[in-house]
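Heads up: the structure comes next, in structure tokens.
The values are calculated or read from the model by the stated rules, or taken from the named source; none is laboratory data. Bear in mind that the values here come from a model prediction, so they are computed numbers and not experimental data. When we count neighbours, we look across all protein chains shown, and the Cβ atoms used for this are built from the backbone with ideal geometry, even at glycine. SASA here: full protein model, heavy atoms, side chains in, ligands and nucleic acids out. Shrake-Rupley method; radii C 1.70, N 1.55, O 1.52, S 1.80 Å.
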Amino acid sequence: MALTDYIDDRPADGVFRVNPAIFTDQSVFDAEIKAIFEGGWVFLGLSSQAEQPHDYFTTQIGRFPVLVQRDGQGELGAFINACPHKGARLAQLRQGHAPLHVCPYHSWSFDSAGRNKAIKSKRAGCYSAAFDQDDHGLARLPHFGQYRDFLFGSLTADVPPLAEYLGGAVQLLDLVADQGEAGTELVPGQVTFTYAANWKLQLENCSDAYHFTSTHPSYIRVLERRQQTFSQDVVASVWENSDYWKDDATGIGGGSFSFANGHVLNWGVFGVTPASPLFEQAGPLAERHGEAKRDWMFNMRNLTIFPNLQIAENASSQLRIIRPLAPNLTEMRTWCLAPKGESAAARRQRIRQYEDFFNPTGMATPDDTVSYENCQMGYGGGMSRWLQGYARGMTASIAGGNRFGDLIGLGPERSVLADPQLCDETLYHSYYRAWANRIAQELQA
Ligand code: FES
Ligand SMILES: [Fe+2]
């Protein structure tokens, strides 16, 4: 099939449609793994996951296990987490501290800079000179990069510099990283779960405001009941007191921004409210970053850095890593994300709100993942009819930014600003344009 059989993208005709085969075809999935996950920058984790010398964490890029660790000098490095002897996975834990890794198969050992330190019974091994000339250390990733607290790696050497790949979306990462004077960390307690559907359904859902009231009525009812029971004033919205959010008679309270390479944000005005665990920092944040940037930190923001990082700051703050396992199987790793050094009370509030909404044990995530699985079931073997879920907002989408983004100097490729009920679907176009660019060659190969 040609790329145009998968994505029908004709802006001049007001058409953007998706063939459900992109969620079911094994050939598409294989192309995605090679060209997107193993063919460019992907998110690995936060630098705080390996804070001290010799700390490490493990993750995955496509089909490859990856080890990120700090050496004795505190320098971070990223390696294929596989022993050069017979290829066994080396570090077994998600996270740990190891000046020396000893392979569990035949005990070759490696220091925290990835250098081979010992080959068991080397002298008795009758190795050839050619073997001695080989590098027995761990293979480094061709590219490893850091922006603020965020670590990225690439298995492919032929990629643009990380800064170019992230582009203007770095300012959205700044809105996260700048919440704490000392940076950002993951709250202990990682959750891993799978759902029986395609990885791009998670990609889309994070940016899907349209589903919220339909998919999560039980969560909304619980919130309403709490408000009736606990009637104290919980919202001190900037909507009431800041000119820049309320100077429009149309009631605009959010929208979306799309950036090059498939990075997108959807957002809504939340207000500087005690309902946010950031509230205790409202004054200091305004002093450090100005009121507009502070208010942006309080806004509801769902950010995707294509292809595998999502940061959802709505009911609480969640960092997600998406890992495709099969066309109809996806692994999610999720954490509560928090500014370092926040008070115990703020951290408690953040975690309670986090438990409430997120994860398989929360009130929202199960609704979402069941919907992804319903979609996957609906696709059958990849039905022949185009999907129509990419059309909302078509006539509201404009090239460039808008006055709300201008407050913090955002320079997106496209933006949508509208009544909250618009629930833009055009920000998915950015995903699929990046997706199409990346897999085109692979599909034709
Ligand atoms: S595979 Fe690691 S020592 Fe043999
Ligand atoms: Fe949802």
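Do any residues in the range 207-226 that are under 24 Å from GLN310 (Cα atoms) have Cβ atoms under 6 Å from those of residues that are part of a helix (DSSP H, G or I) and within 10 Å of ligand 2 (Cβ to nearest atom), where the two are at least six apart or on different chains, and which pairs are they?
From residues that are under 24 Å from GLN310 (Cα atoms), the pairs are THR215/ASP367; THR215/SER371; HIS216/ASP367.
Look at the range 42-87 and say how many of its residues are assigned to a loop (DSSP other than H, G, I, E, B) and more than 19 Å from the chain's Cα centre (by Cα).
Going through the range 42-87, the residues assigned to a loop (DSSP other than H, G, I, E, B) turn out to be 51-54, 62-63, 71-75, 81, 83-87.
After this cut, where a residue has to be more than 19 Å from the chain's Cα centre (by Cα) as well, the list is 51-54, 71-75, 81, 83-87.
Result for the range 42-87: 15.
For the range 88-102, how many residues meet the condition of being basic (Lys, Arg) and outside any strand (DSSP E or B)?
1
Exactly one of (1) within 16 Å of ligand 2 (Cβ to nearest atom); (2) under 26 Å from ILE408 (Cα atoms); (3) more than 18 Å from the chain's Cα centre (by Cα); (4) not acidic (Asp, Glu) is unmet by PRO160. Its number?
With respect to (1) within 16 Å of ligand 2 (Cβ to nearest atom); (2) under 26 Å from ILE408 (Cα atoms); (3) more than 18 Å from the chain's Cα centre (by Cα); (4) not acidic (Asp, Glu), PRO160 is out only on (1).
Take the range 262-309 and flag every residue that is at pLDDT below 95 and of a type in the set (Val, Ile, Thr).
If the condition is that a residue be at pLDDT below 95 and of a type in the set (Val, Ile, Thr), then VAL269, VAL272, THR273 are the ones that fit.
Within the range 310-339, work out how many residues are assigned to a loop (DSSP other than H, G, I, E, B), open to solvent by 20 Å² or more (accessible area, probe 1.4 Å) and at pLDDT 95 or above.
Residues flagged as assigned to a loop (DSSP other than H, G, I, E, B), open to solvent by 20 Å² or more (accessible area, probe 1.4 Å) and at pLDDT 95 or above within the range 310-339 amount to 1.
Go through TYR127, TYR105 for me and flag whichever is out of contact with any His (no Cβ under 8 Å at 6 or more places or on another chain), away from ligand 2 (no atom under 16 Å from the Cβ) and not in a strand (DSSP E or B).
On inspection, the qualifying residue turns out to be TYR127.
Would you confirm whether or not the range 35-50 contains a residue that is more than 23 Å from ALA169 (Cβ to Cβ), out of contact with any strand residue (DSSP E or B) (no Cβ under 8 Å at 6 or more places or on another chain) and open to solvent by 10 Å² or more (accessible area, probe 1.4 Å)? So that I can check it myself, show each step before the final result.
First, pick out the residues of the range 35-50 that are more than 23 Å from ALA169 (Cβ to Cβ): 50.
Right, trim to out of contact with any strand residue (DSSP E or B) (no Cβ under 8 Å at 6 or more places or on another chain) and you get none.
No.
Can SER207 be described as within 16 Å of ligand 2 (Cβ to nearest atom), within 25 Å of VAL264 (Cβ to Cβ), assigned by TED's automatic domain parsing to the domain that holds THR361 and part of a helix (DSSP H, G or I)?
Considered against the rule, which asks whether it is within 16 Å of ligand 2 (Cβ to nearest atom), within 25 Å of VAL264 (Cβ to Cβ), assigned by TED's automatic domain parsing to the domain that holds THR361 and part of a helix (DSSP H, G or I), SER207 comes out as no.
Could you tell me whether the range 140-162 includes any residue that is in a helix (DSSP H, G or I) and at pLDDT 95 or above?
Taking every residue of the range 140-162 in turn, at least one turns out to be in a helix (DSSP H, G or I) and at pLDDT 95 or above.
Regarding the range 376-391, can at least one residue be identified that is crowded, with 16+ Cβ neighbours inside 10 Å, assigned by TED's automatic domain parsing to the domain that holds PHE193 and polar (S, T, N, Q)?
Taking every residue of the range 376-391 in turn, at least one turns out to be crowded, with 16+ Cβ neighbours inside 10 Å, assigned by TED's automatic domain parsing to the domain that holds PHE193 and polar (S, T, N, Q).
Would you mention how many residues in the range 65-119 are away from ligand 1 (no atom under 16 Å from the Cβ) and open to solvent by 10 Å² or more (accessible area, probe 1.4 Å)?
14
For the range 340-374, what are the residues that are open to solvent by 50 Å² or more (accessible area, probe 1.4 Å), touching a residue at least 60 places away in the same chain (Cβ under 8 Å), assigned to a helix (DSSP H, G or I) and within 15 Å of ligand 2 (Cβ to nearest atom)?
GLU373
Only residues in the range 268-297 that are over 24 Å from ALA209 (Cβ atoms) and among the charged types (D, E, K, R) count as the first member; pair them with residues that are open to solvent by less than 40 Å² (accessible area, probe 1.4 Å) and in a helix (DSSP H, G or I), Cβ under 6 angstrom, at least 6 apart or cross-chain, and list the lot.
Final answer for the pair search is GLU280/ALA346.
For the range 130-139, how many residues are open to solvent by less than 70 Å² (accessible area, probe 1.4 Å) and either of a type outside the set (Phe, Trp, Tyr) or part of a strand (DSSP E or B) (or both)? Steps first, please.
Within the range 130-139, the first condition is being open to solvent by less than 70 Å² (accessible area, probe 1.4 Å), and the residues that meet it are 130-131, 136-139.
Right, trim to either of a type outside the set (Phe, Trp, Tyr) or part of a strand (DSSP E or B) (or both) and you get 130, 136-139.
Final tally of qualifying residues: 5.
Please verify whether ALA436 is more than 30 Å from TRP296 (Cα to Cα) and in contact with a Leu (Cβ under 7 Å, 6 or more places away or on another chain), treating the condition exactly as stated.
yes
Mind checking whether some residue in the range 40-49 is away from ligand 1 (no atom under 16 Å from the Cβ), touching a residue at least 24 places away in the same chain (Cβ under 8 Å) and in contact with a His (Cβ under 7 Å, 6 or more places away or on another chain)?
no
When only residues in the range 390-415 that are under 16 Å from GLY268 (Cα atoms) and not in a loop (DSSP other than H, G, I, E, B) count, which is farthest from the chain's Cα centre (by Cα)?
Per the stated criteria, the residue is ARG403.
Going through the range 416-435 one residue at a time, which ones are surrounded by fewer than 17 Cβ atoms within 10 Å (Cβ to Cβ), in a helix (DSSP H, G or I) and touching a residue at least 60 places away in the same chain (Cβ under 8 Å)?
Hit for the range 416-435 is PRO420, nothing else.
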